[in-house]
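Structure, as structure tokens:
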Amino acid sequence: MTSTPAPVSVALLTLGCARNDVDSEELAGRLAADGFTLVDDPEDADTVVVNTCGFVDAAKKDSIDTLLAASDLKESGRPKAVVAVGCLAERYGAELADSLPEADAVLGFDDYEDIGGRLRSILAGDVQHPHTPRDRRLLLPISPAERQAVVERPADAGQEVAIPGRSALRKRLDGGPMAPLKLASGCDRRCTFCAIPMFRGSFVSRRPSDVLQEARWLAEQGVKEVFLVSENSTSYGKDLGDLTLLETMLPELVAIEGIERVRVSYLQPAETRPGLVKAIATTPGVAPYFDLSFQHASASVLRRMRRFGDPESFLGLLDQVRALAPDAGVRSNVIVGFPGETEEEFQTLCDFLVEARMDVTGVFGYSDEDGTEAESYDGKLDDDEIRARVEHLTDLVTELTSQRAEERIGTVVEVLVEEVDPDGTGDGTVEGRAAQQGPEVDGTTRITGAHARVGDFVQALVVATDGVDLIAEPVGGQG
């Protein structure tokens, strides 16, 4: 009798954004379907897969530190192999493998379809030759309308292009009541500071039927809020021949039994059309939440970034939002110290943020990214000057966002409970997020005396703030 080999255990460690979270759950789905046992603790795993981030220097360092820490477990614990996947692995390939011999393999996106076979081969001692990175924008037609035929080509008609996030297999790694749901992968914009399109590829939408089907599956897993993610959600549908698909799909998503809130991420201001603003601001069940990628406010800096806009147009967009949803949440990220940024241009950004009254603003100091156009620009600012501007703007943003949170005192918010008794006192306190608070980065709302469960929605009156966080009390007999 032939004995059945013991199942191979694998731990998936995920760094970076919500898009990476979806990729990890799709890798988990493939591995589970292929007979692997998924474990939470890397010390209990035969192999550790690190889904890396390659966005900015700090994220790269975190990814490498995580790979090194996982590799240390091989000396004293169960793991036999540590494998790098994700954006850093895709972006650098053989270069990462040469500089990080502690990792047993560096796999690219094209390896995802047979991830189980790759891991078994690595554990068997086979050498995996890391890929040579390529500009993934060149793998698909320039015309968005022609891309779907290449992406969805039958297997017997030639090799498909591997698009992260298009797998039908998914296994939840986090049992919380919120889950990211990928709308698309890639980006067609050519921002001079950003390398993401080179390793994520051209923009490819998922078909609405696939998005809705996955949302129904998430609802069956107990998910109450779906967080629609992509590199540029305002482009959704352009390669399917209909740029209004997101507006028409939002009501269908909130109509799914079990889904009580839908949130849209990453909107390009220059592409944010009035119909989409209205759909997000007024559709029942859709969070009036606007994740607007301003990056700067000075028109001259934005042109050097190959972006569009100025303070007047951005403030006009915010006026549109608040005319429809006065309490809408607005967040953004900005880059300080872009090559050639003058003191006047920096002041334009500061003045804009004062007027914009956003709930959250992430402040990043400029640094060169390999292969980007801005890497070759003249007029680079001294590191000390960039650091000083980041500190100045961070202090300003801290004050502004605290003021914006205080403006919400006296308002009623609907909070999705994500943690019960966070302090361990048993006093009925719960913590979660209101409609204007996105996952992980936008602060939380703490409700005292709510006595609710994870996944409940609680109506609460905001009574105080702690920075960007809100402190509230239940209303309507929910305590």
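Round to the nearest 0.05 the FRET efficiency obtained for Asp40 and Lys278 when R0 = 30 Å and r is the Cβ-Cβ distance.
So, using R0 = 30 Å, E works out to roughly 0.10.
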Revision key, fill the gap. Projected area averaged over all directions for the convex hull of the alpha carbon atoms of region 273-347, nm², comes out at 5.2 nm²
**Study point:** Relative contact order (percent, whole number), the chain, Cα cutoff 8 Å, 6+ residue spacing
**Key:** 9 percent
Study note, to complete from the structure: Taking placed amide H atoms and a strict 5 Å upper bound, the residues 5 or more places from Ser298 or on another chain that come that close are Leu349
**Study point:** Mean residue ellipticity (222 nm) of the chain, computed from DSSP H runs ≥ 4 via -39,500 (n - 2.57), nearest 500
**Key:** -10000 deg cm²/dmol
Practice item. Starting from the amide H of Gly362, placed 1.01 Å from N in the peptide plane, find each other amide H under 5 Å away whose residue is 5 or more places distant or on another chain. Key: Ser332, Asn333, Val334
Exercise for review: Let me know the charge dipole size of the chain about its Cα centre in debye, to the nearest 20, where only the beta-carbon of Lys, Arg (+1) and Asp, Glu (-1) is charged.
Suggested key: 1560 debye
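Taking a quarter of the surface of the Cα convex hull of region 372-479, what do you get in nm²?
9.5 nm²
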Check your understanding: What percent of all Cα-Cα pairs in region 4-102 falls in each 10 Å bin, counting up from 0?
Key -> 16, 48, 32, 4, 0
**Study point:** Antiparallel DSSP beta bridges within the chain, as percent of all bridges there, nearest 5
**Key:** 35 percent
Review point. If you plug each phi of region 75-88 into the Karplus form 6.51 cos²θ - 1.76 cosθ + 1.60 with θ = phi - 60°, what whole-Hz ³J(HN,Hα) values come out, in order, with x for Gly and Pro?
Key: 6, 10, x, 7, x, 9, 8, 10, 10, 9, 10, x, 5, 5
Review point. Rank Thr132, Thr52, Thr361 by accessible area, highest first, at a 1.4 Å probe radius?
Key: Thr132, Thr361, Thr52
Study note, to complete from the structure: The set of residues whose placed amide H lies less than 5 Å from the amide H of Glu419, leaving out same-chain residues fewer than 5 positions away, is Glu431
Exercise for review: Please identify the cysteines of the chain that lack any partner cysteine with a Cβ under 4.7 Å from their own Cβ.
Suggested key: Cys17, Cys53, Cys87, Cys187, Cys350
Practice item. Just the ratio, please: alpha-carbon radius of gyration of the chain over 2.2 N^0.38 Å, N its number of residues. Key: 1.00
Check your understanding: Lysine pairs, Cα distance under 17 Å, 8 or more residues apart or cross-chain: how many in region 158-298?
Key -> 4
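The values are calculated or read from the model by the stated rules, or taken from the named source; none is laboratory data. Keep in mind the model is a prediction, meaning the values are calculated, not measured. Glycine also receives a Cβ, built like all others from the backbone with ideal geometry; neighbour counts cover every protein chain displayed. In case anyone asks, the SASA skips ligands and DNA or RNA and just uses the protein heavy atoms, side chains included. Shrake-Rupley method; radii C 1.70, N 1.55, O 1.52, S 1.80 Å.
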